1. Check off (1) surrounded by fewer than 10 Cβ atoms within 10 Å (Cβ to Cβ); (2) part of a helix (DSSP H, G or I); (3) among the small types (Gly, Ala, Ser) for Gly40 and give me the number that stays unchecked.
2. Are any residues in region 43-84 outside any helix (DSSP H, G or I) and surrounded by 12 or more Cβ atoms within 10 Å (Cβ to Cβ), and if so, which ones?
Amino acid sequence: MKTGVTGVLDWSEAAQGDALFDLAALTLAHQEHLADVVAGYGTDIDLDVLRGWWSLRSLRVVHWLVGHGFDPAPEVAVLAAQLF
């Protein structure tokens, strides 16, 4: 019998939209698991689109942090890491 995580169900941001946004949200802070997530997704994934969603999500978080008086440096570091 195989053990371990076989799926993820997260309704906190449920909405209609691009499924790659969901994968981006799931993998942004855990990019070391990207290959496993992509392999289990069951269809081809455009990694450039996924990286674009990572960037957009990071920029939105930076905007929110700045607007609410928080230090955006950690999120900026996440965004910068995606550029290289």
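1. (1)
2. Within region 43-84, Ile45, Phe70, Pro72 meet the criteria.
Read-outs throughout are calculated quantities, based only on the coordinates presented, and are distinct from any laboratory measurement. What you are looking at is a predicted structure, and each value in this text was computed from that prediction instead of being measured. Every residue, glycine among them, receives a Cβ derived from its backbone with ideal geometry; neighbour counts consider all protein chains shown.
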